[in-house]
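Below is one structure; the comments refer to it alone.
The values are calculated or read from the model by the stated rules, or taken from the named source; none is laboratory data. Everything numeric in this text was worked out from a predicted model, so none of it was measured. Virtual Cβ from ideal backbone geometry, glycine too; neighbours counted across all protein chains shown. Just the protein is used for accessible areas: all its heavy atoms, side chains included, with ligands, DNA and RNA removed. Shrake-Rupley method; radii C 1.70, N 1.55, O 1.52, S 1.80 Å.
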Amino acid sequence: MALDQPATRPANPRFSSGPCAKPPVFSLDRLSGAALGRSHRAKVGKDKLKAAIEGTREILGVPADYRIGIVPASDTGAVEMAMWSLLGARPCTMLAWESFGAGWVTDAVKQLKLDAKVVTAGYGEIVDLATVDFDTDVVFTWNGTTSGVRVPNGDAIPADRAGLTICDATSAAFAQDLPWDKLDVTTFSWQKVMGGEAAHGMLILSPRAVARLESYTPPWPMPKLFRMTKGGKLIEGIFEGETINTPSMLAVEDWLLALDWGRAIGGLPEFMARADRNAQAIFDFCDARDWIANLAVDPATRSNTSVCLKFTDPRIVDGAAFAKAVARRLEAEGAALDVGAYRDAPPGLRIWCGATVELSDIEAMLPWLDWAFHAEIEAQARAA
């Protein structure tokens, strides 16, 4: 039988988990003040880079004695800089519960060749942080972008830890409450919760992390892009807008626009509330149906940004093929773009719910998800 399609579509069907939807106020003409064709070393360039750093500090509530730097190669570059510069001084523990965390394990064990303790959890779960030895250096993701699970809080991280905590927070920053006193290195990229452009990463260092940088020299060669010290002292310019390599001043202007939008709507509390409302709409949708569920096993660890879903209907013959077909239907109808699960994750969907996404678009998309599921079930039955 023919299935009736929903009457309305999302005004913005962009639910990609990165690059993510632009802020609702975005338009290209809002970037007309970009310092294009000017040196990033000129005063105008340095002022804008400094404003990007200080605006980030203001909205996130980063302590005044923490350094914030704009670094190359997105969140990946920021994590790599931290790992290559800081690890090896003491034993380390690598935590992984999704593909990016697993990538950091590979870097530590196979590239840096550290004798690291590796603790993993399957997709939809996180490790028991209460069992982690934080007297070692600990590397982990706060929010699993590809698994839809997050650390619920920093309670398990002791204040008197001897090791450093190195946290990949790329899909958590600006949508989740990060406990700065528990994090020594925090990284994220512009293209996630704030909908900025790609290629630039942010690296936030606590005083403890700076002390490690100034007292420890890694035994391996350090690429120029990773060097944060000179003569045993932190290169302070990196954290004042003097970037290691040439940044895109257009992307910087875009980031400043996102920060301005954030201030206008109420800052971090409203960012978190927007993501929570978006995610809750999907949680409620799943709770009302027996054919779809959250990939996160424990509701306390459900992400409010990268919401990952799995199909649970027993009629589904090939889970991967079915999920891809549903995603294709949604895209073909202009109802949801780029919502397929990450390639290394279990079959299903991943719907971005960060602060730049409007709740009205989530609510308009969900009836289409209902339609796409039943349409594909019917197509599967006809093909049997």
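As a test of the formula, what do you get for the chain when each DSSP H run with n ≥ 4 contributes -39,500 (n - 2.57) and the sum is divided by the residue count, at 222 nm and rounded to the nearest 500 deg cm²/dmol?
Estimated from H runs of four or more residues: -10500 deg cm²/dmol.
Looking at the range 57-198, the DSSP beta bridges with both ends there are about 5 percent antiparallel. Take the chain with all the other protein chains still there, run a 1.4 Å probe, and you get 41 Å² of accessible area per residue.
Within the full protein context, the accessible area of Lys117 is estimated at about 120 Å² for a probe radius of 1.4 Å. Here the gap between Arg30 and Ala273, fully extended at 0.36 nm per residue and compared with their Cα-Cα distance, gives a gain of 84.9 nm. Of Ala288, Ala73, Ala89, the residue with the greatest mean-square motion in the GNM of the chain, using alpha carbon springs below 10 Å, is Ala288.
Among Thr312, Thr186, the order of accessible area from largest down is Thr312, Thr186, computed with a 1.4 Å probe on protein heavy atoms.
Counting only Cβ charges, +1 for Lys and Arg and -1 for Asp and Glu, the dipole size of the range 48-190 around its Cα centre is about 400 debye. Computed from backbone phi, the HN-Hα couplings of the range 66-81 come to 8, 8, 10, x, 9, 10, x, 6, 6, 4, 4, x, 5, 5, 4, 4 Hz, rounded to whole numbers (Karplus: 6.51 cos²θ - 1.76 cosθ + 1.60, θ = phi - 60°; Gly and Pro given as x). For Asp137, the residues whose modelled amide H falls within less than 5 Å of its own, excluding neighbours fewer than 5 places apart on the same chain, are Cys92, Thr93, Leu164.
Protein heavy-atom surface of the chain, 1.4 angstrom probe: 52% of the accessible area is carbon and sulfur, with nucleic acids and ligands not counted.
Once the cut-off is 37 Å, how many percent of the Cα-Cα pairs in the chain end up in the long-distance tail? When every Cα pair of the chain is considered, 23 percent fall beyond 37 Å.
Pick out which of Ala279, Ala156, Ala258 has the largest mean-square fluctuation in a Gaussian network model of the chain, springs linking Cα atoms closer than 10 Å. Comparing Ala279, Ala156, Ala258 in the GNM, the peak value goes to Ala156.
By DSSP, what percent of the beta bridges with both residues in the chain are antiparallel, rounded to the nearest 5?
Among the beta bridges of the chain, antiparallel pairing accounts for roughly 60 percent.
When the surface is traced with a 1.4 Å probe over the full set of protein chains, Val118 keeps roughly 70 Å² accessible.
Using only Cα atoms and rounding to the nearest 10 degrees, what angle (0 to 90) does helix 43-60 make with the longest principal axis of the chain? Tilt of helix 43-60: around 60 degrees. What you get for the range 270-354, charging only the Cβ of Lys and Arg (+1) and of Asp and Glu (-1), is a dipole of about 180 debye around the Cα centre. Of the residues Gly103, Trp180, Trp84, the one whose Cα sits farthest towards the positive end of the charge dipole of the range 70-215 is Trp84 (charges of +1 on Lys and Arg Cβ, -1 on Asp and Glu Cβ, taken about the Cα centre).
For the range 201-215, the Karplus equation 6.51 cos²θ - 1.76 cosθ + 1.60, evaluated at θ = phi - 60°, returns couplings of x, 10, 10, 10, 10, 7, x, 5, 5, 5, 4, 5, 4, 7, 10 Hz by residue, with Gly and Pro reported as x.
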